[in-house]
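Okay, structure first, notes after.
What follows draws every value from the coordinates through simple rules; no lab data is involved. Treat the numbers as computed from the prediction; the structure is a model and nothing was measured. Reconstructed Cβ throughout: ideal geometry from the backbone, glycine too, with neighbour counts over all protein chains shown.
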């Protein structure tokens, strides 16, 4: 099988940031974080300007180490079209980030779920049994907390927000932002993975996945 090199080495024209991503580390200008030390990522593309007629796109990629050090890659386009040069730059950087960082973050999540630990991403709290969700009861409008099992979870993305909800009760839901919540992008990939080959159901039974 051919070995593919996902190394990234670029100077971003608009922001003049020098970005280098290898199997060992992520470097932006003079700041370096070893790939094994990455604890969280967040990224996204935002449209800037009026909703109906945005004037440019903003690209952000943030990486955080286990000791709290952060690296931020930010740049903008001067127009809004489907595939700009800046879009290609963004996807080029993301290919390295996916291969060397995000894959092992998804694996870490799976390992922790297999060890029956609780995980938190933004407002979302979850473990091998399912998601912890608060909801209001009809009786006196009190707020209660329950675990919605994995087999009842549905999820979808809308405008950079990941919606996780009980498929039988929309009042039980959690939203996390891909742009603003650390590791929301990892949770999104995890949900894709668990939705295949009955993994959600197996996890819920306490089986290792």
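Counting other beta carbons within 10 Å of each residue's own, what order do 167, 94 fall into, fewest first?
167, 94
Take the Cα atoms of segment 68-178, find their three principal axes, and give me the spread along each one in whole Å, biggest first.
55, 35, 27
Can you tell me the 0 to 90 degree angle between the C-alpha axis of helix 103-114 and the longest principal axis of the chain, rounded to 10?
20
Rounded to the nearest angstrom and ordered from largest down, what semi-axes does the equivalent ellipsoid of segment 60-118 get from its C-alpha gyration tensor (root of 5λ)?
Values for segment 60-118, descending: 30, 14, 9 Å.
Over the Cα atoms of segment 158-199, what is the Rg over Rh ratio if Rh follows Kirkwood?
Over the Cα atoms of segment 158-199, Rg/Rh equals 1.00.
Principal axis lengths of segment 8-113 from Cα atoms, whole Å, largest first?
Projected onto the principal axes, the Cα atoms of segment 8-113 cover 44, 32, 22 Å.
Can you put 62, 158, 24, 166 in order of Cβ neighbours within 10 angstrom, beginning with the fewest?
Sorted ascending by nearby Cβ count, the order is 158, 24, 62, 166.
Can you compute the equivalent ellipsoid semi-axes for the chain, i.e. the square root of 5 times each eigenvalue of the Cα gyration tensor, sorted largest first and rounded to whole Å?
33, 23, 15
Roughly how compact is segment 119-204, stated as its Cα Rg over 2.2 N^0.38 Å to two decimals?
My calculation over the Cα atoms of segment 119-204 gives 1.08.
Using a Förster distance of 25 angstrom, determine the FRET efficiency expected from the C-beta separation of residue 168 and residue 195, and round it to 0.05.
The calculated FRET efficiency here is 0.90.
When the helices in the chain are scored as -39500 (n - 2.57) per DSSP H run of 4 or longer and the sum is shared across all residues, what 222 nm value do you end up with, to the nearest 500 deg cm²/dmol?
So the helix-based figure for the chain works out to -6000 deg cm²/dmol.
Please work out the C-alpha center-to-center distance from segment 99-114 to segment 155-207 and express it in whole Å.
Taking the Cα centre of segment 155-207 as reference, the centre of segment 99-114 is 15 Å away.
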